[in-house]
Structure formats: structure tokens, C-alpha cells
Amino acid sequence: MKLSIQLYSLRDMISTADDLLALFPKLKAMGFDGVEFAGYYDLSADVIRTALDNAGLVATGCHVPLEHYAPENLQATIDFHKQLGLSTIGIGGAPHSDPEDCAETCAILSQAYAEAQKQGITIYYHNHASEFMPFDDGTLPMDMLKQACALEVDTYWLHIADVDIYSFLMENAARVCHVHIKDGEGATPTALGEGDCDLHAVVRAAKTLNLEWLILEDETRHQGLDSVAKGMLWLKENV
């Protein structure tokens, strides 16, 4: 299983396009083989792809806003990400605070998912904890969202929502295309191995699902590459 990093982990280090590109060789040197994007800083797909190739990295996914999956924008979204070499593209969250908002989000994602599949692209939704807070009728937003598209399961937010990580991943195996491994002490993010999330269950599930990638996301702030380096050390010792 190869290791990727969600670049939101390094948001404090990225203010410009040059900042983003400068991180690629550093991440490769740390042991990562892929990156998941959280913004492109107006760079073209060709420039990003060349920089990735030069660093020996590949793109493993992305988080782009819901409007990028609207019918009028979908083809441009697909074309851009195909240039990056991606077969999976995602969204980091979308409106789901009430049944109407959630239904609208699901309608957009479902339509986009069906069209993208025809072109060899899988669209996925990345969860937080709120997708597991029931509506008045007992329905979970996640119950609706997982019918609309594939899932990128953020296991730390499952932990915060008091959802059993291994069971959820096994029960939804057919929909899971990516997994985020992340840690925290309660609701306070930490480096991997410094919190109370069951990281070994995450690794065990990812291996059982035969996932190609395990994606580190680190939500600590103002630590540069230090916390990510701790995470990579944990991954090298445990994956």
C-alpha cells in the first residue's frame, strides 16, 4: 500500500503557486509517493503534472467545491483532472444540514458521478462528523450521501462521531475508494500516534479493502513539516 498526503495538511505553508510546487520534492524525500490536492493556485494542469513527474509523485485525488460538479462545469472538471492523471476526484464536504440541502447536494453528486463513470472517473465525498448527526426522522446525511457517489472515509471524524471505524469501512466496502488516516486527542488534532484514534484499525481495514493508497491528513497547525514527519515515521513503522 502506497502513501499519499492531503495537501490541506500543509495549508500554513502554501500561500502561492510556487509554495505548492516547492513542496513536491520535499514530500517525495519524506517517503510519500502521491499527493491529494486541496487547491491549485491558478496553475494549469500541465504545469502541475510536470512538477509532479519531476518530483516522482503522482496525483491521487483532490477536493474541489460542489459547484465544480454542477452540469455546466462538470466536463471542464473532468478534463482538468484527467490531465493530472487522476481517476478519482472528490469533494471535501458540501451542504447537508437539513434534508433539503442534503438532497440537493446528492442530486448534483449523483448526476456527476454517473457521467464521470462513463469517462473512467470516480467522484467521491469526504466526510466530517456532522454527516453522522441524524435528521429529525432519524436519517443520517451519510445514508443519503453514500448513495450518491463513492466515499473517501476520514477515519478521525468517524472516531469523533463515535462510529466504529473498522465496521463502517467493512459495511461500506463497495463505496470506499480512499481512506484518510488522521489522529487527535479528543477534538484536538495531533500527529499520528499522539492521539486516541484507533489507527491500527484504520490500517487493518485499508489492507482488508486492498486499497492502493493510504492518505495522511494532518490537521495540526503552524508546525510546518514537523507533524507530517512524525506521521510518516508512524506510517513507516506500522503500515
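Residues of the stretch 53-77 falling in the label zone of residue 2, defined by backbone nitrogen less than 14 Å from a point 7 Å along Cα to beta-carbon, are 53-61. So, in Å, what gap is there between the alpha-carbon centers of the stretch 24-70 and the stretch 210-225? The stretch 24-70 and the stretch 210-225 have Cα centres spaced 14 Å from each other. Within straight-line reach of residue 28, meaning a Cα separation under 16 Å, sit the following lysines at least 8 residues removed in sequence or on another chain: 2, 230, 236. Residues of the stretch 73-110 with an amide N closer than 17 Å to a point placed 7 Å from the Cα of residue 147 along the Cα-to-Cβ direction: 96-110. The candidates 1, 30, arranged from most to least accessible area with a 1.4 Å probe in the full protein assembly, appear as 1, 30. For the pair residue 225 and residue 198, label points projected 7 Å from Cα toward Cβ lie 3.4 nm apart.
Full extension of the chain between residue 29 and residue 236 gives 73.2 nm of extra length, using 0.36 nm per residue less the Cα-Cα distance.
How would you classify the chain from its alpha-carbon gyration tensor, with a ≥ b ≥ c the square roots of the eigenvalues: rounded for a/c under 1.5, else prolate if a/b is greater than b/c, otherwise oblate? Oblate shape, in that a/c is at least 1.5 and b/c is the bigger or equal ratio. Applying 1/(1 + (r/R0)^6) with r as the Cβ-Cβ distance of residue 19 and residue 107 and R0 = 25 angstrom yields a FRET efficiency of 0.10. Potential lengthening of the chain between residue 187 and residue 100 amounts to 28.5 nm, from the contour at 0.36 nm per residue minus the alpha-carbon distance.
The figure for residue 220 is an accessible area of roughly 10 square angstrom, using a 1.4 Å probe on the protein chains alone.
Computed on the stretch 1-132, with alpha-carbon pairs under 8 angstrom and 6+ residues apart, the relative contact order is 21 percent.
The values are calculated or read from the model by the stated rules, or taken from the named source; none is laboratory data. Fair warning: this is a prediction, and the values are worked out from it, not measured in the lab. Glycine gets a Cβ as well: all are built from the backbone with ideal geometry, and neighbour counts include every protein chain shown. SASA here: full protein model, heavy atoms, side chains in, ligands and nucleic acids out. Shrake-Rupley method; radii C 1.70, N 1.55, O 1.52, S 1.80 Å.
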